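> The structure follows.
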Amino acid sequence: MSTNWGSAMKGVYFLILISVLSSVDAVGDWDPEFEAQEQAKYEAQQRAEAQKKQETQKQLDAAQAQFNQEIMASKRETLGAAANGKSDAEVNRLYDAKIKATTEEANQAAQTAREQLSTGQGAAAVKQVTGKSMAELENMSDEEADAFAKEMEEKYGN
């Protein structure tokens, strides 16, 4: 048993010796000039990538700024004279208020129309034209609504 242990240790020593000798050869082959050139190439590549990324970000920022200017111009045009002499923040506030008021008016008009078409002569007219009540029309699934729209288009045209 001790002979096996001894030959195993000799094998380990031999592997260690091979490893040390291999690393000595590798150190002997080391070329500091080549290493410096490779490092310089790597750093140049990193700088080029950083510059490209910076230029791309600059282009994105410019596009975003142009988009924001166009949006603001559109809001000012929508507001007309009310936007004259106002800051962008004030224009945004006025525009948001206008949109809210317009939406509320549209919702009220839609509710009034819905009520008129759900009762009396309005309900009778809807039923006569479509064959369905207003409640049936409002409770259709998307698929049913698409099929119904095609049916009405074929029946009454564009």
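The values are calculated or read from the model by the stated rules, or taken from the named source; none is laboratory data. Quick caveat: nothing in here was measured; it's all calculated off a predicted structure. Using ideal geometry, Cβ is built from the backbone for each residue, glycine included, and neighbour counts are taken over all protein chains shown.
Table: residues versus (1) in contact with a His (Cβ under 7 Å, 6 or more places away or on another chain); (2) of a type outside the set (Asp, Glu); (3) assigned to a helix (DSSP H, G or I); (4) surrounded by 13 or more Cβ atoms within 10 Å (Cβ to Cβ).
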| site | (1), (2), (3), (4) |
| --- | --- |
| PHE67 | no, yes, yes, no |
| GLU70 | no, no, yes, no |
| ALA73 | no, yes, yes, no |
| LEU79 | no, yes, yes, yes |
| ASN92 | no, yes, yes, yes |
| LYS98 | no, yes, yes, yes |
| ALA101 | no, yes, yes, no |
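> Also: How many residues does segment 115-126 hold that are under 19 Å from MET152 (Cβ atoms) and surrounded by 15 or more Cβ atoms within 10 Å (Cβ to Cβ)?
So the answer is 5.
> Consider LEU60 carefully, then state whether it is touching a helix residue (DSSP H, G or I) at 6+ places or on another chain (Cβ under 8 Å) and of a type outside the set (Gly, Ala, Ser).
no
> Then there's this: Test of understanding: among GLN37, GLN59, GLN111, GLN54, which residue is farther than 30 Å from ALA123 by Cα, polar (S, T, N, Q) and modelled with pLDDT under 95?
The conditions single out GLN37.
> Just to be sure, is GLY85 assigned to a helix (DSSP H, G or I) and loosely packed, with under 10 Cβ neighbours inside 10 Å?
no
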